[in-house]
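Reviewing the structure listed below.
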Amino acid sequence: MTSSTDSSSGARPSLWQHRDFRRYLSGQAASVTGSSISSMVIPVLAVLELDATTAEVAWLTFLGQLPPALLALHAGALADRHSKRKQMITGDLVSAAALASVPVAAALDRLSLTQLMLVAAVQGAAGVLHDAAAISLLPSLVDRSLLQRSNSRIGGLFAVAATAGSNLGAALTALLGPARALLGDVLSYLVSAWCTARIQAPESPRPAAGDRRLHTEIGEGLSYVSGDHRLRTLTLVNATTSFALALLNTLWALYLLRSLAMSAIAFGVVLGLGALGAAAGALAAPSLAARYGPGPMMLAALAITPLAQIPLLLASSGLVWQFAIGAALFLQLACAGAAGTTQRTIRQVVTADGMQARMQAVSTWLTSGARPVAALLAGGLGTWIGVRPTLVAGTCLLIVPLVVLYRSPLRSLLAMPPPAPTGPTVPHPSVAVDVRHDRSSEGGS
């Protein structure tokens, strides 16, 4: 693993003096901004330009969400086997090429909904390849003692970039039209690829794959995560939280805009407050974890999250309730940002170099696979029992990750656990379990 060669040798080196981290952060922020442009523009393009039906819009969303559920484990195994930077660049260039085909087809008056669905699927698959490598590359760029601060900066910047991307997408759509607005996302992928190509730090050495099959390495990743109680607990927390929030988010916009008669401007302001909350939570995470301990801080964040849903469930139309909903969303996403940044750091710290991508892929696979199922469940329950009762059910589901963490020894973790050994050798899963459980007992509460 490579620590910063650009920072001074003080006790608290500045991440902003770390050239490779700046390049990594700039590239990923550009990618997030561009993805937010597409997330805003593609539905507009489908509905307003191609007259898509409700079912066709649902299919478009489904095809965009399907690749992470199908390919995350394979992408993680490939990232641990090959160069992570090359995989990131490949994903960026494939996404750029797929999106560039949309304005070209629109200019030729040949754009169809089928092409848009294919682009969504290809972009989703390329995004899985990129993200699996990008998240697991960070521990090889900075020393593990800096991971908490690094993830904090990343989480805060990404929340702002996502909001900026949505606003930029709206502006580009107004100026250029929805098809040409996607050129903003094409440019963002090219910027991301260029920044990634300029990273100079060597990656962690990889063991030779030999004649081992990819599914064998995928199995090692699953065993590795399930064999370590810390990774297993945090992955289950992620998956159950993702399922509950996906159920809520499926109906949230419909509930606010239709049931509570919230205007589009007020809805945008509420979403902006949520993004600010996510950024604030991510930036505050290192200080909160240092003061209260990572375990108690995450437990408190998970306990506050369902409570923050109460204003939404009790709300009626009116300006006062709009302020209450905005404040509640700020608090909820601040908790999500703080807990998410901390749990990601713990998982990166305790995972051996050769398993970073596969460890992350297991979490991505479970969380991504939960979202389409939750969306279908939300649609069914919303039709059967109504929107508000379905939101109540989703709020109750947010208690599940709290229970999972509370029943784990991680709830009393007062300091970051000791890092896993670094080096090219990936221990056999059964050996890794024994060693890591011993380290857990030494560095627990």
Counted residues in region 311-346 being under 16 Å from Thr241 (Cβ atoms) and buried (at least 22 other Cβ atoms within 10 Å of the Cβ) come to 15
Counting only residues that are surrounded by fewer than 22 Cβ atoms within 10 Å (Cβ to Cβ), at pLDDT 85 or above and closer than 24 Å to Ala339 by Cβ, how many does region 117-153 have? 0
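Please enumerate the residues belonging to region 138-149 that are under 10 Å from Gln348 (Cα atoms) and not basic (Lys, Arg).
Leu138, Pro139, Leu147, Gln148 - these are the residues of region 138-149 that are under 10 Å from Gln348 (Cα atoms) and not basic (Lys, Arg).
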Flagged pairs (Cβ under 7 angstrom, 6 or more apart or on separate chains; first in region 165-185, in the same structural domain as Gln28 (by TED's automatic domain parsing) and crowded, with 16+ Cβ neighbours inside 10 Å; second modelled with pLDDT under 80 and among the β-branched types (Val, Ile, Thr)) are Thr173/Val44; Pro178/Val44
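Show me the helices (runs of 4 or more DSSP H) found entirely inside region 340-419 where at least 1 residues are under 19 Å from Gly293 (Cβ atoms). Spell out the reasoning first.
Working: elements: 356-384, 387-397, 399-406.
So the answer is 399-406.
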Within region 382-405, of all residues that are of a type outside the set (S, T, N, Q) and without any contact (Cβ under 8 Å) to a residue 40 or more places away in the chain, the one nearest to Arg232 (Cα to Cα) is Val403
Out of curiosity, is Gly169 in contact with a Ser or Thr (Cβ under 8 Å, 6 or more places away or on another chain) and within 17 Å of Glu49 (Cα to Cα)? yes
Those residues of region 256-288 that are assigned to a helix (DSSP H, G or I), farther than 20 Å from Phe158 by Cα and among the small types (Gly, Ala, Ser) come to a total of 3
Answer yes or no: is there a residue in region 77-89 that is out of contact with any Leu (no Cβ under 9 Å at 6 or more places or on another chain), among the small types (Gly, Ala, Ser) and assigned to a loop (DSSP other than H, G, I, E, B). yes
If you check Leu313 against the conditions, is it modelled with pLDDT of 90 or more, farther than 30 Å from His215 by Cα and in a helix (DSSP H, G or I)? no
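Condition check ((1) surrounded by 24 or more Cβ atoms within 10 Å (Cβ to Cβ); (2) in contact (Cβ under 8 Å) with a residue 60 or more places away in the chain; (3) in the same structural domain as Ser140 (by TED's automatic domain parsing); (4) not aliphatic (A, V, I, L, M)) across all residues:
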site: Ala77; (1), (2), (3), (4): yes, yes, yes, no
site: Asp92; (1), (2), (3), (4): yes, yes, yes, yes
site: Ser95; (1), (2), (3), (4): yes, yes, yes, yes
site: Ala106; (1), (2), (3), (4): no, yes, yes, no
site: Thr114; (1), (2), (3), (4): no, no, yes, yes
Please give the number of the condition Arg110 fails out of (1) surrounded by 18 or more Cβ atoms within 10 Å (Cβ to Cβ); (2) more than 14 Å from Asp185 (Cα to Cα). (1)
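Evaluate the following for Ala308: is it under 24 Å from the mean Cα position of the chain (by Cα) and without any contact (Cβ under 8 Å) to a residue 60 or more places away in the chain? Break it down stepwise before answering.
Numbers: under 24 Å from the mean Cα position of the chain (by Cα): yes; without any contact (Cβ under 8 Å) to a residue 60 or more places away in the chain: yes.
Yes, satisfied.
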Could you please tell me which pairs satisfy a Cβ distance under 6 Å, a separation of 6+ or placement on different chains, a first residue in region 222-241 that is of a type in the set (Gly, Ala, Ser), and a second residue that is part of a helix (DSSP H, G or I)? Ser223/Pro429; Ser226/Arg232; Gly227/Pro429; Gly227/Val433; Ala239/Leu366; Ala239/Thr367; Ala239/Ala370
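The values are calculated or read from the model by the stated rules, or taken from the named source; none is laboratory data. Here the structure is a predicted model, which means the values were calculated and not measured. Note: ideal-geometry Cβ built from the backbone for every residue, glycine included; neighbour counts use all protein chains shown.
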